[in-house]
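Reading through the structure tokens given below for one structure.
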Amino acid sequence: MPTRYLDPKVDLAFKRVFGEHEHLLRSFLNALLPLPDDGQIESLEYLTPEQVPELPGLFKNSIVDVKCKDARGRTFIVEMQMLWSTSFEQRILFSASQAYVKQLHAGQNYASLQPVYALALTSQVFDRKTPEYYHHYQIVRQHEPRRVLDGLEFVFIELPKFAPQSRTDKRMQVKWLRFMSEVGETSGSKPDPDASWREDPDIAQALELVEAAAFTEQELEAYHIQIDKARIESTVLEDARAEGKAEGEALGIARGKAEGEALGITKGKAEGKAEGKAEIVRTMHASGMGVAQISQFSGLSVQQVAEILAL
């Protein structure tokens, strides 16, 4: 009977691998972060990731996070995001900034501050303007990017875009990204002809940890609940966006045609776009989302959302 593997992107499986096994998290971070050869992580200590409040209501189950510190005092924040929104960028920035600031205790000077690295992987595409899946951000001098202000670094990885350039690529970064991208309910018990990446000891152990047989019935039930919640959340957002866009475009075209002139077309499109956003807000609200949640995912202020819902 084929071996069933849980999807490591889902909370329960992700934390089983990276939240309970320091050496696997260390291998993962060394492979995915842009650390210098003399700056590789040698050991890690898990920290309680309670510095940032979860997004309210519906979306609290869409984020997986692990926080740790190495022997040098550097802090590492890892987040696996099943759903992507621009609000997550602010969340990660806030999380990393808080970790950086909280290092400084009374009586200490600024020289004691150590870098903070934030790694965010997402199972959705968020940057459609580039085929690149690996995005590294630093604070740099605008006219001289080689001048870096040390302290905070961010890496965002779009897993749907990842595809190994060579199926025999043996780099650990590729091996871990294949683990995150290819392992799941449909993975078989026998390695594929090109799956030599599975033979690495760390990857092999990670695979054992996400075997369905390694989880209790209660854990498997919780796992499937987490998957269902992520699917529902994704469907709600996609339906709201699609419905709002369709109705907004239709209204914009109708009004533009009624005007008949260039000014009318422009005005019609603008009004249609506004009505489209309003329809997205109403659809999200009808799906049970609160004003704060709608604000985060629509880009509108809380006041604007409240005004639309009051009409």
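Computed packing ranks the peptides 118-129, 209-220, 72-83 as 72-83, 118-129, 209-220, most packed first, by mean other Cβ atoms within 10 Å. The distance between label points at TYR134 and LEU149 comes to 2.6 nm (points 7 Å beyond Cα on the Cα→Cβ vector).
Arrange the following residues from fewest to most other Cβ atoms within 10 Å of their Cβ: TYR46, TYR110.
Numbers: TYR46 14, TYR110 7.
Ranked by crowding around the Cβ, least crowded first: TYR110, TYR46.
Using the Cβ of GLU217 as centre and a radius below 15 Å, the other residues enclosed give a net charge of -2, where K and R count +1 and D and E count -1. Neighbour counting of Cβ atoms within 10 Å sorts the residues LEU32, LEU104, LEU152, LEU177, fewest neighbours leading, into LEU104, LEU152, LEU32, LEU177.
Read-outs: derived from the displayed coordinates by stated rules, not from any lab. Keep in mind that what you see is a predicted model, and the values were worked out from it rather than measured. Glycine gets a Cβ as well: all are built from the backbone with ideal geometry, and neighbour counts include every protein chain shown.
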